[in-house]
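These notes concern the structure reproduced below.
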Amino acid sequence: MKPELSVVIPVYNEESGLAQLFARVYPALDALGIRYEVIFINDGSRDASAAILAEQFQLRPDVTRVILFNGNYGQHMAILAGFEATRGDITVTLDADLQNPPEEIGNLVAKMRQGYDYVGSIRRSRQDAAWRGIASKAMNHLREKITRIKMTDQGNMLRAYGRNVIDLVNQCREFNTFVPALAYTFARNPTEIVVEHEERSAGESKYSLYSLIRLNFDLVTGFSLVPLQFFSLLGIVLSFASAALFILLIIRRFIMGSEVEGVFTLFAISFFLMGVILFGIGLLGEYVGRIYLQVRERPRYVIQAVLQSQGEAETPPVTRYGTAVTMTDTGKSS
């Protein structure tokens, strides 16, 4: 019998917090009284995370599956691999750092049962550094204006997805994507709920300031052409402004003679325009880079092994853009 609920948890260098994660996730799911499965995706951890996950699989093989990547492909690629392995009607994503309490999963499931096919979450009181909260709010506002994707708290990965949304996401073969935004575009009836937020149980955040900027840049360029359209409009405006300034300087040259005082002003204008041009080239390069990654048709990730019980369905077959060859472990740790 297939489970009603699938919980997808990406793991990357979380050996110090996995014991606490296990101690809270399984009791929280057992308390729901429904059939469930927990899918851990080890995203090329360099610590003992893979071995700890294998041990946990031995303890709860009836509800646990472990996907082992052969390298580090990123959180969103790990989630996509988990999506391809899910069998439940409802899928919930959860970070391994316990900043999102596993006890909140029941609230997301209850909301999904009300007829929604996508349930996002909003952290009631963020337990992050102040700069992360400020940066997150600013980027949320900018992203919503550009992409029209409404996510109050885009940095929170505790979300629930219906089977229809998961199936559509699995059909996409984008090399770079932001999973919650991609799923939102397919949802017929999305909503959000407020959830608790706790301090990280152990370890340290995997997202630096640069990573957050990089992630939001990928999000904007991956779901909208507005940045390119904006720079096209800006180029037209600056072209007319430059032409007007040129005509004005020619007129002043013939009326007032040569002037030296305006040299530094021209330098300032030139430097400003060069900065705009360089930023525009970089933005264009971002879109071209996404095309380059896509047309190479390389696997988005490579699965080294899958730990699952005998009799369970195999991991989905190889696709041109998706997973590479997988091995199924039928009870032996590796």
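Coordinate-derived values only; no laboratory data. Everything quoted here is computed from the prediction, not taken from an experiment. Neighbour counts are summed over all protein chains in view; Cβ atoms, including those assigned to glycine, are modelled from backbone coordinates with ideal geometry.
When peptides 19-30, 4-15, 149-160, 289-300 are ranked by their average number of other Cβ atoms within 10 Å per residue, the highest-first order is 4-15, 149-160, 19-30, 289-300. A simple rule links phi to the HN-Hα coupling: the Karplus curve 6.51 cos²θ - 1.76 cosθ + 1.60 with θ = phi - 60°, which for segment 20-31 gives 5, 4, 4, 5, 10, 5, 5, x, 5, 6, 4, 5 Hz, with x for Gly and Pro. A protection proxy built from the mean count of other Cβ atoms within 10 Å ranks the segments 108-117, 63-72, most packed first, as 63-72, 108-117. Rounded if a/c is under 1.5, else prolate if a/b beats b/c, else oblate: with a ≥ b ≥ c from the C-alpha gyration tensor eigenvalues square-rooted, which is segment 20-78? In terms of gyration-tensor shape, prolate.
The phi-based Karplus calculation (6.51 cos²θ - 1.76 cosθ + 1.60; θ = phi - 60°) puts the 3J(HN,Hα) values of segment 52-58 at 5, 5, 5, 5, 5, 4, 5 Hz, whole numbers, x for Gly and Pro. The calculated FRET efficiency for A244 paired with L278, based on their beta-carbon distance and R0 = 22 Å, is about 0.45.
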